[in-house]
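Input: a single structure, listed below in structure tokens.
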Amino acid sequence: MDLSEVQVIAALKNKMSYHAERQVVLSQNVANADTPGYKARDLEKFTFKQALGQTGGLKTTHPNHISHVAGGGKFSSHSGNSFETNLTGNSVNLEEQMLKMNENAIDYRATTSLYKKMSGLIKTASGADK
Amino acid sequence: MDLKSAIHIASAGMNAQSARLKVVAENIANVDSLATKPGGDPYRRKLVVFKNELDKELGINKVTVARIDHDKSAFKRDYEPGNPVADADGYLYRPNVNTMIESMDMKQAQRSYEANLSTIEVTKTMINQTLDLLR
């Protein structure tokens, strides 16, 4: 049985990879908090379509394919909507990034808990729990 | 783009910040370094410039030190004809280092370093939660 054929598991998997990618983007922002001209980036909000695996755009079916999304990830990102931009053109605000990162970590935790619950249900159904 | 690359990025950020701290230390240590010959230039304050560069091996952008610049502001000038390295008119040039600015720079570097450190902490928790799925 292929677990990823179960709709809920597939959706949770997509959400987990979204949060992992967002963590990478946010850590990039923090690392570049003092880089002149760097613009803080963030991923677009996770949508229901993405949960179903319909990311749209071009598919990358080979490791040498170049992603249509800037940064090489699966999800599209944007820059802007930052609290402030300093004189060197850097728009990273550490407090804002920390806030987003914590939010991301909490969402990730919720998703992994749901995943665990779901696999527990399947285990119960298959009788592997006994 | 997995969670491990987030750790790589954050550690590159910490590396860059410690390079900055090194330059700050150099500036503070040389706050009284005068010219070596009469009329020469004293120590000139150094500045670190960062850049975001693609690491081809990992396929992610990592922050690195782009170059170390020199502060172009004027030297402090005192009238001290008795000093052996004073120029022909009796003026002595001192380094353009302001310890107040340096200590602020140091605090800022420290704050950025800590921010990267907490990124690693958060990422580590996320990786642990992923591993917990196996249990």
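So how much slack lies between residue A:52 and residue A:117, counting 0.36 nm per residue of separation and subtracting their Cα-Cα distance, in nm? Write out the running numbers ahead of the final one.
Working: separation 65, 0.36 × 65 = 23.40 nm, distance 1.92 nm.
Net length gain for the segment: 21.5 nm.
Of the accessible area of the protein assembly as shown, with the probe set at 1.4 angstrom, what percent is carbon plus sulfur? Write out the running numbers ahead of the final one.
On the way: 8710 of 15750 Å².
Ligands and nucleic acids excluded, carbon and sulfur give 55 percent.
Quick one: Debye curve from the alpha-carbon atoms of the range A:1-57 only, equal weights, vacuum; give me log10 I(q)/I(0) at q = 0.14, 0.23 Å⁻¹ to two decimals.
Scattering profile of the range A:1-57, log10 relative to I(0): -0.50, -0.88.
Which lysines have a Cα lying under 17 Å from the Cα of residue A:74, excluding residues fewer than 8 positions away in the same chain?
Within reach: A:13, A:15, A:45, A:49, A:59, B:4.
What is the distance, in nm, between label points placed 7 Å from the Cα along the Cα-to-Cβ direction at residue B:36 and at residue B:85?
Placing both labels 7 Å beyond Cα along the Cβ direction yields 1.0 nm.
Would you mind checking the tilt of helix A:94-126 against the longest principal axis of the Cα atoms of chain A, expressed as 0 to 90 degrees and rounded to 10?
10
With each label point set 7 Å from Cα along the Cα-Cβ vector, what nm distance links residue B:72 and residue A:109?
Inter-label distance under the simple model: 5.0 nm.
Tally Lys and Arg at +1 and Asp and Glu at -1 over the other residues with C-beta under 11 Å from the C-beta of residue B:49: what net charge comes out?
Numbers: positive: B:20, B:46, B:51, B:67; negative: A:34, B:69.
Cβ neighbours under 11 Å give a net charge of +2.
How compact is chain B by the rule of thumb for globular proteins, expressed as Cα Rg over 2.2 N^0.38 Å?
Details: Rg = 21.7 Å, N = 135, 2.2 N^0.38 = 14.2 Å.
This ratio for chain B stands at 1.53.
Over the range B:66-135, what is the relative contact order in percent, taking alpha-carbon pairs closer than 8 angstrom and at least six residues apart?
Taking the mean separation of contacting Cα pairs over the length of the range B:66-135, I get 20 percent.
Summarise the partner chain shielding of B:121-130 as one whole number: the mean count of Cβ atoms from other chains within 10 Å of each residue's Cβ. Don't skip to the end; give the middle numbers.
Values: counts 2, 10, 8, 0, 3, 10, 2, 1, 9, 5.
Mean partner shielding for this stretch: 5.
Just the accessible area per residue of the protein assembly as shown, please: how many Å² with a 1.4 Å probe?
59
Percent relative contact order of chain A, based on C-alpha pairs within less than 8 angstrom and at least six residues apart?
32
What's the magnitude of the charge dipole for the range B:24-135 around its Cα centre, counting Lys and Arg as +1 and Asp and Glu as -1 at the beta-carbon? Answer in Debye, nearest 20.
That gives the range B:24-135 a dipole magnitude of about 260 debye.
Under 13 Å from a point placed 7 Å out from the Cα of residue B:18 along the Cα-to-Cβ direction: which residues of the range B:116-131 have their backbone N that close?
Correct set: B:117.
So how much accessible surface do B and A hide from each other in total, probe 1.4 Å, in square angstrom to the nearest 100?
Interface between B and A: roughly 2500 Å².
Cross-link candidates for residue B:22: which aspartates and glutamates have Cα within less than 20 Å, leaving aside residues fewer than 8 places away along the same chain?
Output for residue B:22: A:34, B:32, B:69, B:71, B:102, B:105, B:114.
So what J values fall out for the range B:74-84 if you push phi through Karplus, 6.51 cos²θ - 1.76 cosθ + 1.60 with θ = phi - 60°, rounded to Hz, Gly and Pro as x?
Karplus-based 3J(HN,Hα) across the range B:74-84 equals 6, 6, 6, 10, 10, 8, 9, x, x, 6, x Hz.
Rounded to the nearest 20 debye, what is the charge dipole size of chain A about its Cα centre when +1 sits on each Lys and Arg Cβ and -1 on each Asp and Glu Cβ? Could you put the intermediate results ahead of the total?
Values: 15 positive and 12 negative charges, 107 e Å.
Rounded to the nearest 20 debye, it is 520 debye.
If we sort B:21-32, B:79-90 on the protection proxy, mean other Cβ atoms within 10 Å, highest first, what's the order?
Per-residue Cβ counts within 10 Å, averaged per peptide and sorted highest first, yield B:21-32, B:79-90.
Using the Cα centre of the protein assembly as shown as origin and beta-carbon charges of +1 (Lys, Arg) and -1 (Asp, Glu), tell me which of B:133, A:23, B:50 is placed farthest towards the positive end of the dipole.
Looking along the dipole axis, the top candidate is B:133.
How large is the dipole of the protein assembly as shown about the Cα centre if only Lys and Arg carry +1 and Asp and Glu carry -1, each at its Cβ, rounded to the nearest 20 debye?
Numbers: 34 positive and 30 negative charges, 187 e Å.
Using Cβ point charges on Lys, Arg, Asp and Glu, the protein assembly as shown gives about 900 debye.
May I ask you to find the residues of the range B:88-115 that are shielded by at least 50 Å² of accessible area once the whole protein assembly is considered instead of their isolated chain (probe 1.4 Å)?
Checking the loss per residue gives B:111.
The values are calculated or read from the model by the stated rules, or taken from the named source; none is laboratory data. Predicted, not measured: the structure shown is a model, and the values here were computed from it. FYI the Cβ positions are ideal-geometry reconstructions off the backbone, even for glycines, and counts take in every protein chain you see. Protein only, heavy atoms only, side chains kept; ligands, DNA and RNA dropped before computing areas. Shrake-Rupley method; radii C 1.70, N 1.55, O 1.52, S 1.80 Å.
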